[in-house]
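The values are calculated or read from the model by the stated rules, or taken from the named source; none is laboratory data. Treat the numbers as computed from the prediction; the structure is a model and nothing was measured. Counting neighbours? That spans all protein chains shown, and the Cβs are built from the backbone with ideal geometry, glycine included. Accessible surface areas use protein heavy atoms only, side chains included; no ligands, DNA or RNA. Shrake-Rupley method; radii C 1.70, N 1.55, O 1.52, S 1.80 Å.
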Amino acid sequence: MAAMVLGIYAGAAQAQEGQVEVPRGLWQTEPDTFGVVLLVRTRACGRSLCARVERAKNRAGYDAPSGAVGQKVFWSMDPRPDGSFFGEYRSPKAEQFRESRVEVAGRILRLRACRKQDCRATEWKRVK
């Protein structure tokens with residue numbers, strides 16, 4: 001019982017201090033026009049969220065060659081009090097979106113990337 005009370009207290013203290021848990025894991029992007037999906041690994045970079053493309057898979061689910069593999073896609077994604085992250089997203093096609101927001105709900109990562117008035121929204125599914 002004491003451990004449960006301490007766990008609740010620790011969670012409340014983190015929320016009050018503005019600490020947001022970084023959504024670590026492996027995420028699958030939506031398929032591109034050729035049916036290729038990317039597997040993106042998210043991790044903590046200090047308090048921020050970072051992500052790098054780990055693999056590319058074709059429609060059949062096999063590894064596909066891609067210049068995107070190894071590329072960093074989230075830059076300076078800082079936590080917000082509402083649990084989201086805000087910062088820069090660079091698409092694997094080298095498009096740069098400085099005003100981007102990431103939110104995680106269950107096994108879905110929602111990415112909204114904007115450049116001036118042009119915004120794109122996508123959902124990634126958690127693989128691991």
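Worth pointing out:
- The stretch 74-89, subset over 13 Å from Val22 (Cα atoms) and out of contact with any Lys or Arg (no Cβ under 7 Å at 6 or more places or on another chain), residue surrounded by the most Cβ atoms within 10 Å (Cβ to Cβ): Tyr89
- Criterion applied to Arg47, Arg59 was being farther than 21 Å from Pro31 by Cβ and among the charged types (D, E, K, R), and the one residue passing it is Arg47.
- Residue within the stretch 66-73 that is within 12 Å of Pro23 (Cβ to Cβ), within 16 Å of the chain's Cα centre (by Cα) and open to solvent by less than 30 Å² (accessible area, probe 1.4 Å) present: no
- The condition of being out of contact with any strand residue (DSSP E or B) (no Cβ under 6 Å at 6 or more places or on another chain) and part of a strand (DSSP E or B) holds for only one of Ala60, Ala44, Ala51, Ala113, that being Ala44.
- Test for Thr122: is it of a type in the set (Ser, Thr, Tyr) and in contact with a Lys or Arg (Cβ under 8 Å, 6 or more places away or on another chain): yes
- The set of residues in the stretch 89-121 that are under 11 Å from the mean Cα position of the chain (by Cα) and either over 13 Å from Phe74 (Cα atoms) or not hydroxyl-bearing (Ser, Thr, Tyr) (or both) comprises Arg101, Val102, Glu103, Val104, Ile108, Leu109, Arg110, Leu111, Arg112.
- Yes/no for Ala113 being open to solvent by less than 60 Å² (accessible area, probe 1.4 Å) and without any contact (Cβ under 8 Å) to a residue 12 or more places away in the chain: no
- If the condition is being over 15 Å from Trp27 (Cβ atoms) and of a type in the set (Phe, Trp, Tyr), then the stretch 80-104 contributes Phe86, Phe97.
- Condition met for Gly67 (assigned to a loop (DSSP other than H, G, I, E, B) and farther than 18 Å from Arg24 by Cβ): yes
- Any hit, the stretch 50-63, residues being of a type in the set (Val, Ile, Thr) and either without any contact (Cβ under 8 Å) to a residue 24 or more places away in the chain or open to solvent by 30 Å² or more (accessible area, probe 1.4 Å) (or both): no
- Count of residues meeting criterion [hydrophobic (A, V, I, L, M, F, W, C), surrounded by 11 or more Cβ atoms within 10 Å (Cβ to Cβ) and either at pLDDT 50 or above or in a loop (DSSP other than H, G, I, E, B) (or both)] in the stretch 7-39: 8
- Scanning the stretch 116-128 for residues that are of a type in the set (Lys, Arg) and either open to solvent by less than 80 Å² (accessible area, probe 1.4 Å) or assigned to a loop (DSSP other than H, G, I, E, B) (or both) gives Lys116, Arg126, Lys128.
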